[in-house]
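A short worksheet on the structure shown next.
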Ligand SMILES: Nc1nc2c(ncn2[C@@H]2O[C@H](COP(=O)(O)OP(=O)(O)OP(=O)(O)O)[C@@H](O)[C@H]2O)c(=O)[nH]1
Ligand SMILES: [Mg+2]
């Protein structure tokens, strides 16, 4: 963690309940708007932007908008950024962490509904394709997503329509796992993290959300990555299932179930 994050981690008397984490890569155009919008809906929460080696002014703009900023020295990808954020949140004593896209596609007014669902679950996913919103995916990607959703639902034992959603909230139990064991490879932070959580005995639930279209910046998925998506999804599932059991460290409040 660099000075940007460390400098803003003053010791607090009572743990802050919610940390909103915005993983960001070159989102200078919209990060201020997103920070203000999140703040408007979650005035009591702390905001952490994980600037992942951006080459634009993402960190500077986010800081000026009032967010804490963790600047990674080089690009680690969303998984690596979230791993760092979860460790930060665990060490700071947060009770609840919600990951929100920094490009404005997630509606922060939904955070309250995710929080409510956390009463009966340890990990809550804000999900498209669950009856709310009109977000459309076409072509091979659509079939890959359906296959993935069906397979993941079976694996974790609960219906999931959007297992690659990056809009998700975890409680202290899940945080005590993800702070020490969080997959960072492609699809690891979404798909594999759910398998890992399930194998650790954590309860997973989803909340239907509408997702907006990206209006600025560039998507991380280019044409090549999209066309390779189906193959990668299958590989990700196989790897997630074949992977070792979750690593539960001292300080964790969960006990890993049998692998
Ligand atoms: N920390 C970090 N964040 C990233 C990286 N790549 C993308 N992001 C952020 O992760 C979030 C989701 O990335 P997107 O590229 O929007 O992915 P997506 O929403 O699935 O794709 P679109 O629908 O095309 O926008 C955004 O807030 C990005 O800024 C990265 O390498 N590191
Ligand atoms: Mg996006």
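Annotations
- Flag: residue 183 does not match the condition of being within 15 Å of ligand 1 (Cβ to nearest atom), within 20 Å of residue 133 (Cβ to Cβ) and within 16 Å of the chain's Cα centre (by Cα).
- Boolean, residue 83 is closer than 19 Å to residue 17 by Cβ and out of contact with any strand residue (DSSP E or B) (no Cβ under 7 Å at 6 or more places or on another chain): no
- Within region 122-146, if we keep just the residues that are crowded, with 19+ Cβ neighbours inside 10 Å and in a helix (DSSP H, G or I), the residue that is farthest from ligand 1 (Cβ to nearest atom) turns out to be 144.
- Top-ranked residue of region 82-110 - restricted to ones that are within 19 Å of residue 32 (Cα to Cα) and surrounded by 24 or more Cβ atoms within 10 Å (Cβ to Cβ), ranked as nearest to ligand 2 (Cβ to nearest atom): 103
- Counted residues, region 51-81 - those being surrounded by fewer than 17 Cβ atoms within 10 Å (Cβ to Cβ) and touching a residue at least 60 places away in the same chain (Cβ under 8 Å): 1
- Criterion applied to 112, 149, 121, 117 was being modelled with pLDDT of 95 or more and out of contact with any strand residue (DSSP E or B) (no Cβ under 6 Å at 6 or more places or on another chain), and the one residue passing it is 112.
- Scanning region 202-259 for residues that are surrounded by 19 or more Cβ atoms within 10 Å (Cβ to Cβ), at pLDDT 75 or above and within 16 Å of ligand 2 (Cβ to nearest atom), we see that the one that is farthest from residue 121 (Cα to Cα) is 211.
- Number of positions in region 36-50 that are buried (at least 17 other Cβ atoms within 10 Å of the Cβ) and more than 16 Å from ligand 2 (Cβ to nearest atom): 6
- Residue-level analysis places residue 119 among those that are away from ligand 1 (no atom under 15 Å from the Cβ) and either out of contact with any helix residue (DSSP H, G or I) (no Cβ under 9 Å at 6 or more places or on another chain) or not in a helix (DSSP H, G or I) (or both).
The values are calculated or read from the model by the stated rules, or taken from the named source; none is laboratory data. Keep in mind that what you see is a predicted model, and the values were worked out from it rather than measured. Every residue, glycine among them, receives a Cβ derived from its backbone with ideal geometry; neighbour counts consider all protein chains shown.
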